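The values are calculated or read from the model by the stated rules, or taken from the named source; none is laboratory data. Bear in mind the structure is a predicted one, so any value in this text is a computation, not a measurement. Reconstructed Cβ throughout: ideal geometry from the backbone, glycine too, with neighbour counts over all protein chains shown. Ligands, DNA and RNA are excluded from the accessible area calculation, which covers all protein heavy atoms including side chains. Shrake-Rupley method; radii C 1.70, N 1.55, O 1.52, S 1.80 Å.
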Amino acid sequence: MSKKDLYESPDYYLLDELLSEEHKLIRATAREWVKREVSPVIEEYAQRSEFPKHLIGGLAEIGAFGPTIPAAYGGAGLDYLAYGILMQEIERGDSGIRSTASVQGSLVMYPIYTYGTEEQKKRFLPQLASGKLMGCFGLTEPDHGSNPGGMVTNIREDGDHFVLNGAKMWISNAPFADLAVVWAKDESGKIRGMIVERGMEGFSTPETHHKWSLRASATGELVFDNVRIPKANLFPDIRGLKGPLGCLNQARYGIAWGALGAAMDCYDAALRYSLQREQFGKPIGGFQLQQKKLAEMITEITKAQLLVWRLGVLKSKGRATSEQISMAKRNSVEVALDIARNARQMLGGMGITGEYPVMRHMMNLESVVTYEGTHDIHLLITGMDVTGINAFK
Ligand code: TGC
Ligand code: FAD
């Protein structure tokens with residue numbers, strides 16, 4: 001849509017005072033880019049169910065790919081507050097575009113940086129940071145989603161190669177990715193991570209169609225039919241589920257900030273609409289029932305802003321636990337979904353159209369509440385943390 005993007009972020013508790021000038025500059029740059037490049041086109045791409053590939057260069061320029069990766073490997077070397085702010089601004093535009101950035105930075109660059117050899121880092125990280133190469137992350141399988149430890153995708157050793165067989169499902173960026181970070185079991189049943197490159201024989205990435213959610217993000221499968229992976233493409237030392245789950249901590253952290261961006265955009269749209277739209281001779285924002293919705297939205301946004309800010313401070317100091325990250329991911333997405341649904345109602349019939357971003361956010365958030373650990377999985381992680389009792393199995 002060509003409608004002007006008038007977004008202003010709510011800051012009810014003056015949290016801007018907790019940000020540095022550098023953080024504010026990063027936010028202003030990202031916001032300006034989203035207003036200029038994303039908002040004018042995103043509705044059309046979502047309606048057509050197409051990923052706007054031309055945005056990749058801009059995402060790289062604003063530092064969205066691997067913001068915390070050191071500059072020596074092409075990253076921006078920023079702290080976790082900066083990373084969160086970037087994800088928030090991008091998801092304010094669209095969750096699908098944030099997905100692309102999350103996957104590239106947290107699920108592809110992070111494991112290569114953390115588990116990879118020096119050669120892998122030098123070969124891939126600078127190209128991923130600049131968007132010249134795009135990656136995806138293959139953990140979920142058709143029969144193993146919440147329980148990735150049950151995966152059946154496997155490798156067997158064959159001289160200086162491993163032979164990879166199996167399939168991954170629901171993989172963001174898969175249809176166009178140049179490489180995939182893939183998790184598979186070795187002959188002793190241990191989970192190993194590796195880099196699979198497009199063009200390797202037996203590797204294909206069929207696209208998943210007919211989604212009602214994240215329509216501006218490309219989703220696909222990863223199919224491995226006797227793919228020969230050079231041993232140099234394996235992460236040498238990491239073994240077990242903690243490998244992929246360590247990456248998920250990074251991405252879940254970004255989503256905790258990102259989903260709030262979608263919530264703030266819905267609130268902003270609903271507030272503005274409520275002051276302009278008149279029924280029964282006055283703006284609908286003058287009716288108590290509509291004010292209740294707005295008051296609850298800004299209250300929940302403010303609480304969640306405080307939560308992710310504190311989490312960012314802890315994460316920058318290396319003190320955030322994965323359980324704290326789970327709590328924030330779950331809370332932000334729940335808050336965002338509630339706000340999107342209420343904002344949609346406040347817009348009446350207009351709320352179901354692409355004239356406003358609200359219904360697109362609402363539908364996107366149905367994926368965000370499911371991927372990176374479902375709402376219920378994160379609740380069980382908190383439950384286990386406070387009781388010490390595992391209720392998963
Ligand atoms: P469990 O026995 O609890 O743990 C196995 C090993 O992993 C360690 N661990 C973690 N390490 C780092 N970070 C975490 N968050 C960790 N959670 C557990 C744990 O200490 C243990 O280590 P060790 O040394 O003892 O071996 O594992 P479990 O099989 O019982 O499963 C636990 C459970 C259910 C919480 C976990 O499997 C889970 O989180 N499931 C959800 C799966 C999930 O989130 N999938 C996401 C796929 S990727 C995706 O959705 C990308 S969307 C991207 C986008 O488009 O934005
Ligand atoms: P299931 O695991 O089958 O869960 C179904 C329901 O059962 C859920 O409500 C769940 O909460 C519940 N449940 C499961 N176990 C328990 C339990 N122990 N106790 C109580 N309830 C339980 N994966 C990747 O690897 N890479 C990606 O890039 C990626 N991108 C995605 C993009 C999109 C658009 C979507 C929708 C998914 C993506 N995923 C990706 C997969 C995503 O992580 C999984 O969908 C998610 O982890 C849930 O797995 P599942 O869909 O198999 O659901």
Would it be correct to say that Lys185 is out of contact with any helix residue (DSSP H, G or I) (no Cβ under 6 Å at 6 or more places or on another chain), farther than 22 Å from Tyr113 by Cβ and either surrounded by fewer than 22 Cβ atoms within 10 Å (Cβ to Cβ) or among the hydroxyl-bearing types (Ser, Thr, Tyr) (or both)?
yes
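Check every one of the strands (runs of 3 or more DSSP E) wholly within the range 129-241 and list those with 1 or more residues that are among the charged types (D, E, K, R) and more than 11 Å from ligand 2 (Cβ to nearest atom).
Once the strands (runs of 3 or more DSSP E) in the range 129-241 are filtered for at least 1 residues that are among the charged types (D, E, K, R) and more than 11 Å from ligand 2 (Cβ to nearest atom), what remains is 154-158, 179-185, 191-197, 219-230.
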Taking the range 356-372 and keeping only residues that are near ligand 2 (Cβ under 8 Å from one of its atoms) and part of a loop (DSSP other than H, G, I, E, B), one is left with Thr370, Tyr371, Glu372
Test for Ala391: is it within 16 Å of ligand 2 (Cβ to nearest atom), aliphatic (A, V, I, L, M) and open to solvent by 50 Å² or more (accessible area, probe 1.4 Å)
yes
In the range 318-334, the residues that are more than 14 Å from ligand 1 (Cβ to nearest atom) and either among the acidic types (Asp, Glu) or buried (at least 24 other Cβ atoms within 10 Å of the Cβ) (or both):
Glu334
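Condition check ((1) over 27 Å from the mean Cα position of the chain (by Cα); (2) open to solvent by 40 Å² or more (accessible area, probe 1.4 Å)) across all residues:
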| site | (1), (2) |
| --- | --- |
| Ser217 | no, no |
| Asn233 | no, no |
| Ile238 | no, no |
| Leu248 | no, no |
| Ala251 | no, no |
| Gln279 | yes, yes |
| Pro283 | yes, yes |
| Glu300 | no, yes |
| Lys303 | no, yes |
Across the range 10-43, which residue is farthest from Gly84 (Cα to Cα) among those that are open to solvent by 80 Å² or more (accessible area, probe 1.4 Å), in a helix (DSSP H, G or I) and not aliphatic (A, V, I, L, M)?
Arg36
What number goes with the only condition from (1) open to solvent by 10 Å² or more (accessible area, probe 1.4 Å); (2) closer than 27 Å to Leu241 by Cα that Ser49 does not pass?
(2)
Selection over the range 101-153 where residues are crowded, with 16+ Cβ neighbours inside 10 Å, more than 10 Å from ligand 1 (Cβ to nearest atom) and free of Cβ contacts under 8 Å to residues at least 24 places away in the same chain yields a count of 1
Out of Arg272, Arg252, which single residue is within 16 Å of ligand 2 (Cβ to nearest atom), among the charged types (D, E, K, R) and not assigned by TED's automatic domain parsing to the domain that holds Thr117?
Arg252
On the given criteria, is Ile97 aliphatic (A, V, I, L, M), touching a residue at least 12 places away in the same chain (Cβ under 8 Å), more than 22 Å from Val313 (Cβ to Cβ) and open to solvent by less than 40 Å² (accessible area, probe 1.4 Å)?
yes
